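Below is one structure; the comments refer to it alone.
The values are calculated or read from the model by the stated rules, or taken from the named source; none is laboratory data. What you see is a predicted model; the values in this text were computed from it and never measured. Positions of Cβ are backbone-derived with ideal geometry, glycine not excepted, and every protein chain shown enters the neighbour counts.
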Amino acid sequence: MTAHADGTVALVGCGRMARALVRGLIAAGHPPQRLTGVSRTGRGARALAEEYGIRTAGTVAAAVRDASVVVLAVHPHETADALAELAGATTPRHLLLSLVASWRTEAIAARLPDVPVVRAVPNVAVAERNGVTVLGDTPDGTALAAARGLFDGLGQVLVLDEDLLEAVSALSGAGPALVAGFAEALAAAGRAQGIPAVTADLLAARAVCGTGALLAGGATPAAVIDSVASPGGMTEAALRRLDEGALPESVRQAVDAAVRLSYGRLVTA
């Protein structure tokens with residue numbers, strides 16, 4: 001067991017990603033009483049306490065006092081203030097897991113001297129224990145192992161160079177929203193063909209879910225396409241229209257826009 005593996009977690013910030021993390025951890029068997037939430041207004045922490053039974057704290061210092069892992073999950077513009085509070089409350093016995101976009105690991109570490117810091121980019125599918133979390137590589141093997149241990153039960157965990165994490169945030173972090181947007185467009189197309197709304201929504205959702213299962217099972221996108229699209233068939237006609245509509249280029253531009261926004265507000269040491 002590492003120094004940070006006793007299961008006590010403080011969540012500084014209780015928004016969407018913190019909610020997904022709490023739901024996944026509890027589903028994986030993490031005792032809710034070993035999770036403590038604190039949020040700027042208190043509303044987010046109270047909502048998580050009511051829904052999942054976690055503890056709440058009125059201040060950052062109170063939240064982290066008995067925690068071994070501190071998850072920083074605030075908005076980028078709130079991060080400097082949160083770090084100022086953490087600076088007086090954290091010690092080398094804590095592990096700081098930063099889920100904050102656009103703040104490099106060294107920028108966090110510079111404000112918390114001697115506190116181990118690992119940057120993590122999970123996606124909201126960790127709520128269903130079917131997500132992927134990318135950790136920024138660090139020479140601190142103990143901290144990296146502890147971070148991996150927290151996310152291991154929530155899906156796949158990868159470790160990549162820090163320089164790739166803005167792109168990871170755009171592709172993987174934003175990915176569920178982009179895929180959900182496609183699912184909604186697919187359902188809307190079904191409704192336009194006269195399929196009842198509930199049925200169209202279900203068919204689109206199951207198409208996305210089933211395809212995800214195939215890809216997760218090792219099939220390549222090309223193999224999935226080949227298994228469905230016969231020459232001269234309706235699937236081929238549909239794919240041709242997507243190509244004419246420049247779907248691949250639109251997706252590339254969407255990811256590029258997210259990356260450029262993240263780099264535009266990037267905070268370094």
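Worth a mention:
- First in segment 182-202 and under 23 Å from Ser250 (Cα atoms) and assigned by TED's automatic domain parsing to the domain that holds Val251, second anywhere and surrounded by 14 or more Cβ atoms within 10 Å (Cβ to Cβ) and among the charged types (D, E, K, R), Cβ under 8 Å, 6 or more apart: Ala187/Asp201
- Filtering Ser262, Ser250, Ser227 for residues that are touching a residue at least 40 places away in the same chain (Cβ under 8 Å) and not hydrophobic (A, V, I, L, M, F, W, C) leaves a single hit, Ser262.
- Residue within segment 199-209 that is more than 30 Å from Pro122 (Cα to Cα), assigned to a helix (DSSP H, G or I) and modelled with pLDDT of 95 or more present: yes
- Unmet requirement for Val179, which otherwise passes all of (1) under 11 Å from the mean Cα position of the chain (by Cα); (2) within 20 Å of Ala258 (Cα to Cα); (3) not small (Gly, Ala, Ser): (1)
- Looking at segment 1-68, the helices (runs of 4 or more DSSP H) lying wholly inside it that each contain 2 or more residues that are closer than 23 Å to Gly155 by Cα and of a type outside the set (S, T, N, Q) sit at 16-27, 43-52.
- Exclusive hit being out of contact with any Ser or Thr (no Cβ under 8 Å at 6 or more places or on another chain), acidic (Asp, Glu) and surrounded by 14 or more Cβ atoms within 10 Å (Cβ to Cβ), set Asp161, Asp152, Asp226, Asp201: Asp201
- Among residues of segment 134-145 that are within 15 Å of Val115 (Cβ to Cβ), those with a Cβ under 7 angstrom from a residue that is assigned to a loop (DSSP other than H, G, I, E, B), sequence gap 6+ or separate chain, pair up as Asp140/Pro116; Thr142/Thr2; Thr142/Ala3; Ala143/Pro116; Leu144/Thr138.
- Taken over segment 83-106, the criterion of being in a helix (DSSP H, G or I), surrounded by fewer than 22 Cβ atoms within 10 Å (Cβ to Cβ) and either under 21 Å from the mean Cα position of the chain (by Cα) or without any contact (Cβ under 8 Å) to a residue 12 or more places away in the chain (or both) is satisfied by Thr105, Glu106.
- Selection over segment 107-116 of residues that are surrounded by 14 or more Cβ atoms within 10 Å (Cβ to Cβ) and either among the charged types (D, E, K, R) or in a helix (DSSP H, G or I) (or both) gives a count of 5.
- Of all the residues in segment 117-131, those that are surrounded by fewer than 20 Cβ atoms within 10 Å (Cβ to Cβ) and not in a helix (DSSP H, G or I) number 2.
- Residues in segment 97-133 that are of a type in the set (A, V, I, L, M, F, W, C) and under 14 Å from Glu166 (Cα atoms) were compared, and the one that is modelled with the lowest pLDDT is Ala101.
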